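Down below is the structure, laid out as C-alpha cells.
Nothing in this text is a laboratory measurement; each read-out follows from the coordinates by a stated rule. This one's a predicted model, so the numbers in the text were calculated from it and none came from an experiment. Every residue, glycine as well, gets a Cβ built from its backbone with ideal geometry; the counts of neighbours run over all protein chains shown.
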C-alpha cells in the first residue's frame, strides 16, 4: 500500500502561502513562444512567452497566452500574422534579451543582435539564427476568463501554421531530431530553464 503523501494544500484565491507561486513551476517545463510580429506600420517586435504550446494537427495550430495586453498581441490583432521561432541553448541569452520591456518603436532583433530574415508567405520576419520557424496566420484571439465568467487580463492567441522552416541538419532519415536542436524550455520560478539534450530523451511506444 502506498504511503499517504503529506501535501501542501492551498486554494489559489486565498494565496499559496509559499515564498514563490509554484503554479508555473509545476506546469513545466513549457516550450517557449518566441514570437515575432509587426504592427500595421511595419515596426517589428520580438518577444518570448512561457505560456505556449501546440494544439492541433490539421490544421496545425499553435498558441500563446499574454498575461497583459502587449505589443505582440496588438500587432497580431492588427495584421493577423506572426512567426514562432524555436529558442535553443545557443540562443538563450538573445531570447532573454528580447524579454526586456522596451518602447514600442525599438526593434528587439537589433537589441539582441539577431538577423531578420523575410518569411515566404507573410510580412513578418523570422529569426535567422533559429533552426525552426513557423509562419502563422491568426486563427483566434480570445480574452481568457475564470470559472465565474470574470475576464482575466490575459489573451490567448491561436495561429494556424502555414509555412515551416527547418534546418536540414536536424532531419535524419526523414525524422526531425528534437534533441539535436537543444531547445530550451521554461521551468518556473524567477528564471529557471531546462535544455533538452540527447541523453535526456527516452522512447516509450504507445500500447497497441
Given R₀ = 25 Å, FRET efficiency for residue 166-residue 200 by Cβ-Cβ distance, to 0.05? 0.75
Proxy exposure order for 38, 136 (fewest C-beta within 10 Å first) is 38, 136
Per residue, what volume in Å³ does the Cα convex hull of segment 55-144 take up? 121
Test of understanding: what is the full-extension gain from residue 104 to residue 208, defined as 0.36 nm times their sequence separation minus their Cα-Cα distance? 32.2 nm
So what's the back-of-envelope 222 nm ellipticity for the chain, counting only DSSP H runs of four-plus at -39500 (n - 2.57) apiece and dividing by all residues, rounded to 500? -2500 deg cm²/dmol
Quick check: residue separation of residue 20 and residue 111 times 0.36 nm, minus the Cα distance between them. What number comes out in nm? 29.7 nm
With the radius of gyration and the Kirkwood radius both derived from the Cα set of the chain, what is their ratio Rg to Rh? 1.00
Could you work out the relative contact order of the chain, using alpha carbon pairs under 8 angstrom and six or more residues apart, expressed as a whole percent? 23
Within 10 Å of each residue's Cβ, count the other Cβ atoms and sort 86, 121, 46, 102 from fewest upward. 121, 102, 86, 46
